Structure formats: structure tokens, C-alpha cells
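Below is one structure, written out as C-alpha cells; the observations come after it.
The values are calculated or read from the model by the stated rules, or taken from the named source; none is laboratory data. In this text the structure is predicted, and so the values were computed from the model without any measurement. Note that we place each Cβ from the backbone using ideal geometry, even for glycine, and neighbour counts take in every protein chain shown. Just the protein is used for accessible areas: all its heavy atoms, side chains included, with ligands, DNA and RNA removed. Shrake-Rupley method; radii C 1.70, N 1.55, O 1.52, S 1.80 Å.
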Amino acid sequence: MIETIKIAQHNICKCRIASLQLRDYCHSNKIDIILLQEPLIQKDRVYAFESSKQIHKGNRAGAAIVVLNEELRIIELAQHTSDHVVAIRVSKHDEAHAITVVSAYFKYNMPTLWFVEKLHAVLEDERRVLIGADVNAHSKLWHSTDRNERGLVVEGLIEDHDLGIANRPSQLRTYDREGMGSSNIDVTLFTPSISNQIGEWSVLDNTDSDHNTLVYNLEIGSQQPPSDRNHTFVVRKADWNKFTHKLLENKPEIDETSVHTFAKSLTLVIQNAARASMPSGSRQKRCGKQPWWNNQLDSLKKELDRQRRNGSNVTNKPEYNALRNRYLKEIRSAKMAAWRHFSNDINTNAWGKAFKWAKNGSKRPSIPSTMKDINGVTTNS
């Protein structure tokens, strides 16, 4: 069975309003994965996507990946993830046909060869690879009007691995900055093994970033498990005595031949014990609006979108910027008001949500990563 997921690729240029605009677009259009370059990261979370699963290397990271579809099986390839390159393996119940997805930012003041070598390593290890990158380079291969030295280096990577290029001719350039001109420097590359799985590549002008958004589809294998194999459970309703009894009963089924057989068999034993002792739950696929969102923000956002559609961000920039700044200010105020309301709850409900947060911290969704065993061998799932 084949399923199509939607991917957005965008250099945010560390811009607040562009991050918010991208978030709104992605939620409205059911984007599954976002490949970001120059993300705005605050307190170790990508701005506007704080509640979503994400991978990056801290507040100064040049690349990040945000996962909006909770049903996708994701693992970070830690051995290939750095400040400017992020790699994950994506599947949906069919790990045999998983695809490695990479976000890369070729920083303008660093040698292009450095980034190319990083991608070489990924392509040598992985067979099915999709790369979304701001290469900061020109080549006619991705429909630039010229070719420069940086472009030649990237062309070498493409030739070495026989990579395909998803970019198509478009009236919109991938980069367009007032006073600086426009060009195509954002590229989508893929290995031959998935050449028939990428489609509907397009360029959209939907944020205030100097870069436009690239959107395309990716087909992945999806062997849907039987309905009785649900792995999500309502833990608060568990019968822990029954759970313990079932674990001990199934303990002989654990296979310790290798780290992989051990992990797989142990997981099955735990799932069977959970299935016998607690009700199944449901997983919410996507997150909706933030809890601090209000009607005034709705109105400001609609007006900002209307002005942008009418071209006010170009023809009447002062008015557009004033509305944009008011929108951002209202977001900050709404966040602060929501935080105060949340934290004041401890005065009336001593053991409520505020107390739990103070005791345990915020529970942010995380993505598992590959690890090295005692012999230095990297795990593969």
C-alpha cells in the first residue's frame, strides 16, 4: 500500500512573521513534514512550532525538521545530524521501505565543500534519500540563469550519486529580496530509487521571508497494521497487577541474540502486557491552534492575509509593516496572558496543572534517535 505525504521546504531567515505564516499554511494544507533552513529557534524550540515534534541542534542551528503528522514513524539519524544538516528516516508501518529525509543549509560564509561532504556521508549510508537544501549556489540544473563556483561543487555531488532534481521552471524564483534581486538557490534532490515517488513540486509566495516555500508530495510505503494492533494505551486506567503478571508470563519470549532482536522482542512483550491490562487509546494526528489564540488574533491574521494577497506588502509597505507589528505584539500579549492565567491556577488549585508543570516541567514531544553500541556500531531502527 502506498500513501502520499506532503512536504514543505522553506528558509525562514529567522523571521517571526514568516514562521507564523508558514505554520498557518502548513496546518491549513495538512503538511506532514517541514524542512527548515535558518529557522528561528527560541528556548530550544522552533518558533511557532513549539508543540510539534522537531529535530535541530540548538538555538543557533541552521537547519531543522518539524514533523506535524503524528502517525509517521520517525527516527533521527544522529550520526548525520549537525548544526546545518538534519537527517531523519521516515516510514509508516513499513520500515523496509523507509525514506531518509534531509534538511540542509549551506551557510554563505562557509565552504560549499564542507556541506557537500556531509551529504556524501548520508548518501553513502542510505539508499532512499530526499534532500531539501538552501545551497546558496547557482546552476542551470536547478534553473538559475547562471552557474557559479558553488554551483559547480553541488553539481559534483549530484553527478557522483546520480541524484535527480525535483525543481521545475517557475515564474516565482525560490529567493527574492527587494534590492538584492532574485535567484533559484533552494533545491530538492533525490536518489534514483525514489525518482517515481516525488511529485507536484511547486513554488509558493506565502510568507514574508526572502525565500519562497517549496511544496511537493512524497509517496511512502504504508502497510496498515490490523486494528487490534493499536500501540496507544490509556495508561491512567491500567490494571498494574495484571500488567506485571503478563510481563512475567511472557518473559521467556525475549530474544537476547542481538541488540535488535532484544529490542523488538521486548517491545512486543510490553505491548502484549499493555493490551491485556489497559484500554486502547487514540492518537491525535495533528495539533490545532494554540491555547492562547483569541478572536482578536483571528481578525488581525485575516486582515494581514488580505493585505498580503492584495500586494500591500509591496505597494504599501509601511501600512503592512504596522499591521504585521501589531499582530506580533498581540501574539506576545496573548501568550503572556495565557501564561499568567496558567501560573495563577496554583493559588486556587494547589495540585493542578501548574503544580504538575512546576514539578515535572513541560512535556514536549520528542523523536527517538539512532545510538552507538559498545562496539561503536550505529543502530538502524
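Points to keep in mind about this one:
- Using only side-chain charges placed at the Cβ, +1 for Lys and Arg and -1 for Asp and Glu, the dipole size of the chain relative to its Cα centre rounds to 1980 debye.
- Annotation: amide H of Asp208 within the under-5 Å range of Ala18, sequence separation 5 or more or interchain, hydrogens built in the peptide plane.
- Heavy-atom accessible area per residue - region 1-127, 1.4 Å, Å²: 36
- Rounded to 0.05, the FRET efficiency of the Leu152 and Ala121 pair, given R0 = 30 Å and the Cβ-Cβ distance, is 0.90.
- Over 28 Å (Cα to Cα) - which of Lys107/Lys140; Lys57/Lys302; Lys53/Lys264; Lys57/Lys92 fall in this group: Lys57/Lys302
- Sulfur and carbon atoms: percent of accessible area, the chain [1.4 Å]: 49
- Highest mean packing first, where packing is the average number of other Cβ atoms within 10 Å per residue, the peptides 4-11, 248-255 line up as 4-11, 248-255.
- Top of Pro318, Pro111, Pro368 by mean-square fluctuation, Gaussian network on the chain, Cα under 10 Å: Pro318
- In sequence order, region 364-369 has phi-based couplings of 9, x, 10, 10, x, 10 Hz under the Karplus curve 6.51 cos²θ - 1.76 cosθ + 1.60, θ = phi - 60°, and Gly or Pro positions carry x.
- When each full DSSP H helix of the chain is screened for a Cα extent of at least 24 Å along its own axis and an average Kyte-Doolittle hydropathy of at least -0.5, the helices passing are 259-277.
- Max mean-square fluctuation residue, GNM over the chain, Cα-Cα springs under 10 Å, options Thr244, Thr100, Thr370: Thr244
- From the coordinates shown, P(r) over Cα pairs in 20 Å bins from 0, in percent corresponds to which of (i) 24, 53, 22, 1; (ii) 25, 41, 23, 8, 3, 1, 0; (iii) 26, 57, 16, 0: (i)
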